[in-house]
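Just below is one structure, and these are the notes that go with it.
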Amino acid sequence: MIDEFIPPINNRSERELLEIVGSPTKWHPRAVLIATNELQRRNVDPQKTKTAKYLALKRVRLEAKAKANLSYDYCDFILEPFETILEILISWDLRKDGYIRKAEQQRKFRIVIGVITVIVALFACLFI
């Protein structure tokens, strides 16, 4: 099989090959196949491949958990007020993207923003 990747998969270190084999969804299928063949050619213990896959899966789960627990902070409103408010008002995919806590906060913020908008509109109508 021709290795047209840059740098070539065959020239990579054992650690890099294990990362490729351990995270097949992040790599092109041919790269994974070449890395698997190269590890076999180098007589690398198959247990190392299993360990690499396990650690990659564990890393993905930890990243997903961290993403799910990420929330809006007061600093977001102070340092990046426009970006934060735009994200709250416009973004619809927070839950789908794995930001569970942010999605819950977004729903509450939208209700508060809606109530404030209605109150401001009522006062504006009363005083005009």
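The values are calculated or read from the model by the stated rules, or taken from the named source; none is laboratory data. Just so it is clear, the model here is predicted, and its values are computed rather than measured. Heads up, the Cβs are rebuilt from the backbone with ideal geometry, glycines too, and the neighbour counts pull from every protein chain shown. Surface areas here come from the heavy atoms of the whole protein model, side chains and all, with no ligands, DNA or RNA. Shrake-Rupley method; radii C 1.70, N 1.55, O 1.52, S 1.80 Å.
Structure notes:
- Filter pass, residue 50 being open to solvent by 90 Å² or more (accessible area, probe 1.4 Å) and either of a type outside the set (Ser, Thr, Tyr) or more than 19 Å from the chain's Cα centre (by Cα) (or both): yes
- Taken together, the residues in region 23-42 that are open to solvent by 90 Å² or more (accessible area, probe 1.4 Å) and within 15 Å of residue 11 (Cα to Cα) amount to 2.
- Of the residues making up region 93-123, those that are in a loop (DSSP other than H, G, I, E, B) and either surrounded by 10 or more Cβ atoms within 10 Å (Cβ to Cβ) or in contact with a helix residue (DSSP H, G or I) (Cβ under 6 Å, 6 or more places away or on another chain) (or both) number 5.
- Any hit, region 52-69, residues being under 30 Å from residue 2 (Cα atoms), at pLDDT 90 or above and in contact with a Leu (Cβ under 7 Å, 6 or more places away or on another chain): yes
- Counting only helices (runs of 4 or more DSSP H) that sit completely within region 1-77, those holding 2 or more residues that are more than 25 Å from residue 94 (Cβ to Cβ) and of a type in the set (S, T, N, Q) correspond to 29-41, 46-69.
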